[in-house]
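Encoded as structure tokens, here's the structure I'll be asking about.
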């Protein structure tokens, strides 16, 4: 059994912040990522929480991400914003963009934010949930270094490319899923721990199923639903990379390791005022939809698991692996 230590969310945020500052990030770059790290742990997505801090620190020190970057936001059209992350953390650029996106969506009815020259944005649903908390419907897309091969092929061309939908309200939806059967970080986690992966998670270099995570990391991720997952990845690549001017996944340096320089990937967020088109009917329609799901015994809404985890984390804190904490403590020297 893995040894753990219970931590409050504020303790998690503080530890993440101190580690990032020690590794070379400015407060402006470190704070949004530390906040997101605590939120990610609260949601129960440990693979993207504190476990990722040693990688962030390594990438700050080797130059894969610029911890001194200062993102810029340009108003390119009445309802469109373009944020340039300057090869820094996506979180700081998203924060800067959301400060303008949210009021713009309320004024215009719908507004979009494109982010380019950015680094891994972590759990995409953390960001779209912020739009929902502001009373907006949030759609998010983020591309990643290539790890999924096209239908009929074996060489990766597009990334796991998550998309997310978040809707406002106490019973709002939070859909956050990648184009692959499982997030690549989970395969990497199994590789670090020396554990096999379930068949169907990844493919070898010849496009055949494998249970060896190391072989899978050298091959490709299995797309969710076969060709349908490839279609989702291409949709996200269009929204997050082609429209933002970010690097395509096939040209982006990997999020793991120290080689290749900044990934320079991108994100896209669409924020929609729910009353802009439905004229007050949105809440009623969504209420009817969720009620139909709740009426079925055992049925769950997308986001129920994270919502329950978050409530428990606020009340009780989060169990964090002591092995992860030891790796973070090593950052301080």
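The values are calculated or read from the model by the stated rules, or taken from the named source; none is laboratory data. Given the structure is predicted, the values throughout are model-derived calculations rather than measurements. Virtual Cβ from ideal backbone geometry, glycine too; neighbours counted across all protein chains shown.
With buried (at least 19 other Cβ atoms within 10 Å of the Cβ), touching a helix residue (DSSP H, G or I) at 6+ places or on another chain (Cβ under 8 Å) and modelled with pLDDT under 95 as the only criterion, which of 51, 38, 85 stands out?
None of the other options fit; the residue is 51.
What pairs can you find where one residue is in segment 164-184 and in the same structural domain as residue 234 (by TED's automatic domain parsing) and without any contact (Cβ under 8 Å) to a residue 24 or more places away in the chain, the other is in a strand (DSSP E or B) and buried (at least 24 other Cβ atoms within 10 Å of the Cβ), and their Cβ atoms are less than 9 Å apart, with a gap of 6+ or different chains?
none
Could you count how many residues in segment 311-333 are surrounded by 13 or more Cβ atoms within 10 Å (Cβ to Cβ), under 22 Å from the mean Cα position of the chain (by Cα) and over 15 Å from residue 12 (Cβ atoms)?
Residues meeting the conditions: 0.
Kindly check whether there is at least one residue in segment 155-168 that is on the phi > 0 side of the Ramachandran plot, modelled with pLDDT of 95 or more and over 16 Å from the mean Cα position of the chain (by Cα).
Checking segment 155-168: not a single residue is on the phi > 0 side of the Ramachandran plot, modelled with pLDDT of 95 or more and over 16 Å from the mean Cα position of the chain (by Cα).
Let me ask something additional. Answer yes or no: is there a residue in segment 204-215 that is part of a strand (DSSP E or B), touching a residue at least 24 places away in the same chain (Cβ under 8 Å) and in contact with a strand residue (DSSP E or B) (Cβ under 8 Å, 6 or more places away or on another chain).
no
Residue check: is residue 102 under 18 Å from residue 142 (Cβ atoms), at pLDDT 95 or above, part of a helix (DSSP H, G or I) and not assigned by TED's automatic domain parsing to the domain that holds residue 325?
Here the answer is no, as residue 102 does not meet what is asked.
Within segment 310-328, does at least one residue satisfy the condition of being assigned by TED's automatic domain parsing to the domain that holds residue 157 and touching a helix residue (DSSP H, G or I) at 6+ places or on another chain (Cβ under 6 Å)?
Checked against the condition, which is being assigned by TED's automatic domain parsing to the domain that holds residue 157 and touching a helix residue (DSSP H, G or I) at 6+ places or on another chain (Cβ under 6 Å), segment 310-328 yields no hits at all.
Please verify whether segment 213-234 includes one or more residues that are in the same structural domain as residue 281 (by TED's automatic domain parsing), under 21 Å from residue 115 (Cα atoms), modelled with pLDDT under 95 and under 19 Å from the mean Cα position of the chain (by Cα).
Checked segment 213-234: no residue is in the same structural domain as residue 281 (by TED's automatic domain parsing), under 21 Å from residue 115 (Cα atoms), modelled with pLDDT under 95 and under 19 Å from the mean Cα position of the chain (by Cα).
Here's another thing I want to ask about it. Within the set of pairs 6 or more residues apart or between chains, which connect a residue that is assigned by TED's automatic domain parsing to the domain that holds residue 173 inside segment 290-306 to a residue that is assigned to a loop (DSSP other than H, G, I, E, B) and surrounded by fewer than 15 Cβ atoms within 10 Å (Cβ to Cβ) with Cβ atoms less than 8 Å apart?
293/299; 293/300
Restricting segment 216-250 to residues that are free of Cβ contacts under 8 Å to residues at least 60 places away in the same chain and assigned to a helix (DSSP H, G or I), which is surrounded by the most Cβ atoms within 10 Å (Cβ to Cβ)?
Only one residue tops the list, namely 216.
Given the condition outside the structural domain of residue 136 (by TED's automatic domain parsing), within 24 Å of residue 316 (Cβ to Cβ) and either outside any loop (DSSP other than H, G, I, E, B) or in contact with a helix residue (DSSP H, G or I) (Cβ under 8 Å, 6 or more places away or on another chain) (or both), answer yes or no: does some residue in segment 57-79 qualify?
No, because not a single residue in segment 57-79 is outside the structural domain of residue 136 (by TED's automatic domain parsing), within 24 Å of residue 316 (Cβ to Cβ) and either outside any loop (DSSP other than H, G, I, E, B) or in contact with a helix residue (DSSP H, G or I) (Cβ under 8 Å, 6 or more places away or on another chain) (or both).
Which of the following residues is outside the structural domain of residue 244 (by TED's automatic domain parsing) and within 24 Å of residue 258 (Cβ to Cβ): 9, 17?
None of the others qualify; the one that does is 17.
Of all residues in segment 132-156, how many are surrounded by fewer than 23 Cβ atoms within 10 Å (Cβ to Cβ) and outside any helix (DSSP H, G or I)?
Summing the residues that are surrounded by fewer than 23 Cβ atoms within 10 Å (Cβ to Cβ) and outside any helix (DSSP H, G or I) in segment 132-156 gives 11.
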